[in-house]
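The values are calculated or read from the model by the stated rules, or taken from the named source; none is laboratory data. Everything quoted here is computed from the prediction, not taken from an experiment. Cβ sites come from the backbone with ideal geometry, for glycine too, and all protein chains shown count toward neighbours. Note: areas computed on protein heavy atoms with side chains; ligands, DNA, RNA excluded. Shrake-Rupley method; radii C 1.70, N 1.55, O 1.52, S 1.80 Å.
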Amino acid sequence: MSKLFILGWDNCLISDVTLHKVHPSYVQMWQTVDPLLGAKWTLADTLRMQGLPPEQVWNELALLLGKEKAEYGRRIFYDTYRQLPVPPLTLNAELLLKTLQECGCNVVVVSNKTQSLLEEEIDRLQLDKLVDIALGTTADSAVLFDPADPDQKLKSRCHLLEQAINTCPNTEEVIVIAGAGYAEPAYRIRVDRFEEASAPVFDWVAAQVKEEAERAMANGE
């Protein structure tokens, strides 16, 4: 089947990553590096950072705190992040991944987190055989877009989706299942996107893909 599924990792295949991993890591970083500033940090501040290339976040922190202090904060953040457990898969997400793999669909997982962290989390949940390609962000991602551009997050996510599509150039159909942040990017690059990532959506998609595969096999296609 010439189908490409682009699946969001954070808050899609895995749940509540912002609340249970990203925000506590920021809080621990600030408490260690600058408790006065840390006392003012809220979940809303963490949410505002989501969707930005990590390198840009740390570059801005260096301007605020100085390079040495910012680098120390970065180590605290990632040490904390890695020590926290990976949130569980969204209900029926594994069933969806297995069905897509069994039916010969291409699966690309996308995330705004760093490439290494994304790969680590996929390995820790033992999903590497169910994911064809994982696309996170790299150090180069921070220089692709102007930090002052109000559309930076939009352009960054469009770029990530385009990267995913380019991994399977002969795909006849592209389907995106990702969080709300990917709604406009999917619309901009003219690919289908499901409005939510949930167990009923995963079940419905898996059933449709399986039915199409069985029909194609019966027809000798």
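The residue that is farthest from CYS168 (Cα to Cα), among those in region 82-101 that are touching a residue at least 40 places away in the same chain (Cβ under 8 Å), part of a helix (DSSP H, G or I) and open to solvent by 10 Å² or more (accessible area, probe 1.4 Å), is LEU95. With respect to the conditions (1) farther than 27 Å from PHE202 by Cα; (2) open to solvent by 40 Å² or more (accessible area, probe 1.4 Å), LEU47 falls short on a single one, namely (1).
Does at least one position in region 210-220 carry a residue that is exposed (fewer than 15 other Cβ atoms within 10 Å of the Cβ), assigned to a loop (DSSP other than H, G, I, E, B) and free of Cβ contacts under 8 Å to residues at least 60 places away in the same chain? Yes, region 210-220 contains a residue that is exposed (fewer than 15 other Cβ atoms within 10 Å of the Cβ), assigned to a loop (DSSP other than H, G, I, E, B) and free of Cβ contacts under 8 Å to residues at least 60 places away in the same chain.
Only residues that are open to solvent by less than 30 Å² (accessible area, probe 1.4 Å) and under 21 Å from ASP10 (Cα atoms) were counted across region 165-196, and they come to 10.
Look at region 182-203: where a residue is within 11 Å of CYS158 (Cβ to Cβ) and a partner is of a type in the set (Val, Ile, Thr) and open to solvent by 20 Å² or more (accessible area, probe 1.4 Å), sitting 6+ places away or on another chain with Cβ atoms under 8 Å, you get ILE189/ILE165; VAL191/ILE165; VAL191/VAL174.
Restricted to region 148-164, and to residues that are open to solvent by less than 80 Å² (accessible area, probe 1.4 Å) and not in a helix (DSSP H, G or I), which residue is farthest from GLU184 (Cα to Cα)? Break it down stepwise before answering.
First pass over region 148-164, keeping only residues open to solvent by less than 80 Å² (accessible area, probe 1.4 Å): 149, 151-154, 156-161, 163-164.
Those still in the list that are not in a helix (DSSP H, G or I) too: 149, 151.
Values: ASP149: 16, ASP151: 11 Å.
Step by step, filter region 148-164, then rank; the result is ASP149.
As a summary of the residue check, SER2 satisfies the conditions (1) open to solvent by 20 Å² or more (accessible area, probe 1.4 Å); (2) on the phi > 0 side of the Ramachandran plot except for the one numbered (2).
Only one of the numbered conditions (1) among the acidic types (Asp, Glu); (2) at pLDDT 90 or above; (3) under 19 Å from the mean Cα position of the chain (by Cα) is not met by ASP16, and that is (2).
For region 113-147, a residue qualifies if it is open to solvent by 60 Å² or more (accessible area, probe 1.4 Å) and among the β-branched types (Val, Ile, Thr), and the qualifying residues are THR138, VAL143.
Of the residues making up region 165-184, those that are in a helix (DSSP H, G or I) and in contact with a strand residue (DSSP E or B) (Cβ under 9 Å, 6 or more places away or on another chain) are ILE165, GLY181, TYR182, ALA183. Within region 31-69, being in a helix (DSSP H, G or I) and either in contact with a Pro (Cβ under 8 Å, 6 or more places away or on another chain) or in contact (Cβ under 8 Å) with a residue 60 or more places away in the chain (or both) holds for PRO54, GLU55, GLN56, ASN59, GLU60.
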